[in-house]
Amino acid sequence: MTIENYSQNTQADWTYDPAPQSVEHVNIHDSYELFIDGKFTASKSGSYRDSINPATEKTLTKVAEAGVEDVDLAVDAARHAYEGPWSQMTASERGKFLFRIARMIQERSRELAIVESLDGGKPIRESRDVDIPLAAAHFFYYA
């Protein structure tokens with residue numbers, strides 16, 4: 001399309017093709033368990049939900065669904081961690097953990113952006129340039 005005939009064309013005249021993102025360096029497992037008390041564990045119900053790529057309508061993976069028992073276990077584990085080691089640390093010590101989380105998000109930002117885009121169907125640019133950097137920025141802020 002040239003500048004001369006740009007005004008004669010509408011967006012509907014343009015052809016769009018998907019811009020697939022390479023997923024070669026992303027390792028998506030067949031299924032994921034719940035992460036409770038520092039370890040991955042199966043849900044008590046044994047239920048899984050498919051995570052669907054909206055662009056292809058294909059299943060990316062299966063994710064364990066937490067039930068009431070699982071939530072209770074997670075809350076108990078969080079309370080134990082908070083009342084135990086976390087609350088015994090100084091603010092500076094806690095900040096080191098938060099800073100490390102922020103750095104880990106940055107280090108794996110490309111992988112996280114691809115997975116977020118595949119799972120949510122959003123443009124890679126939005127995940128890569130907005131969502132993932134903001135997640136890291138929040139941890140840096142509180143560190």
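Efficiency by 1/(1 + (r/R0)^6): what FRET value for D76 and D131, r their Cβ-Cβ distance, R0 = 22 Å, to the nearest 0.05? Working from the Cβ atoms, E equals 0.10. Net length available on complete extension from F99 to K122 is 5.5 nm, with 0.36 nm assigned per residue and the Cα-Cα distance removed.
Taking the DSSP bridge list for segment 22-88 and keeping only pairs wholly inside it, about 80 percent are antiparallel.
Other residues with beta-carbon under 12 Å from the beta-carbon of S45 carry, at +1 per Lys or Arg and -1 per Asp or Glu, a net charge of -1. If both residues of a DSSP beta bridge must be in the chain, then about 80% of such bridges are antiparallel.
Per-residue extension of 0.36 nm, minus the Cα-Cα distance of K44 and T56, leaves a gain of 1.2 nm for this segment. If you take the Cα centroid of segment 53-70 and the Cα centroid of segment 98-143, the two points sit 20 Å apart.
Over segment 90-143, Cα pairs under 8 Å with separation of 6+ residues give a relative contact order of 52 percent. Maximal additional length on extending the E69-E33 stretch stands at 11.5 nm, based on 0.36 nm per residue less the C-alpha distance. In the chain, inverting the average of 1/r over every pair of distinct C-alpha atoms gives 18.7 Å as the Kirkwood radius.
Calculate for the chain the 222 nm mean residue ellipticity that helices alone would give, adding -39,500 (n - 2.57) per DSSP H run of length 4 or more and normalising by residue count, nearest 500 deg cm²/dmol. All intermediate terms of the calculation are to be shown ahead of the outcome.
Values: 5 runs with 58 residues, N = 143.
Roughly -12500 deg cm²/dmol at 222 nm, from the helical runs in the chain.
The mean sequence separation of alpha-carbon pairs under 8 Å and at least six residues apart, normalised by the residue count of the chain, gives a relative contact order of 21 percent.
Rule-based calculations on the coordinates, nothing more; no lab input. As the structure is a prediction and not an experimental result, all values here were calculated from the model. Methodologically, a virtual Cβ is constructed for each residue, glycine included, from the backbone with ideal geometry; neighbour enumeration extends over all protein chains shown.
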